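The values are calculated or read from the model by the stated rules, or taken from the named source; none is laboratory data. Keep in mind the model is a prediction, meaning the values are calculated, not measured. Because the Cβ atoms are built from the backbone with ideal geometry, glycine has one as well, and the counts that use them run over all protein chains shown. Side chains included, ligands, DNA and RNA excluded: accessible areas come from the protein's heavy atoms. Shrake-Rupley method; radii C 1.70, N 1.55, O 1.52, S 1.80 Å.
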Amino acid sequence: MSVVVTAVVHPKPGKVEEALAAYARHIDAVHAEPGCELYALHTDGASIVVIEKWASRADLDAHAKGEVLARLGPELDALRERPADVTVLEQRPAGSDAAGKGSL
């Protein structure tokens with residue numbers, strides 16, 4: 001069953017665009033990782049929200065230990081005020097959505 005992740009990244013003041021550029025340098029490589037179904041960036045101008053969907057927990061774990069994050073992480077560390085707030089969500093279909101329709 002798929003796994004959805006939200007990560008709220010907190011760039012230092014004035015560093016949002018630099019942080020987005022860091023993601024842009026690596027996002028195609030993330031999209032090419034096995035099991036990546038969604039990896040999308042959003043911003044309100046002060047923070048960056050990354051919404052991810054992985055085919056399985058094993059795919060997410062491989063991403064977390066993989067080469068792409070090993071390169072991206074240090075770039076973001078220099079631009080962040082504090083660590084990202086990361087939430088890992090497992091799908092819980094219910095009611096008429098039991099077949100998983102309409103879920104991320």
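Some values worked out for this structure:
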{"item": "At least 20 Å along the helix axis (C-alpha) and Kyte average at least -0.5, DSSP helices within the chain", "result": "16-31"}
{"item": "Per residue accessible area of the chain, 1.4 Å probe, in Å²", "result": "58"}
{"item": "Sulfur and carbon atoms: percent of accessible area, the chain [1.4 Å]", "result": "56"}
{"item": "Sequence of D59, D44 from largest to smallest accessible area, 1.4 Å probe", "result": "D44, D59"}
{"item": "Under 15 Å, Cβ to Cβ, from H63 - net charge with Lys/Arg +1 and Asp/Glu -1", "result": "-3"}
{"item": "Square roots of 5 times each gyration tensor eigenvalue, C-alpha, the chain, largest first, Å", "result": "26, 16, 11"}
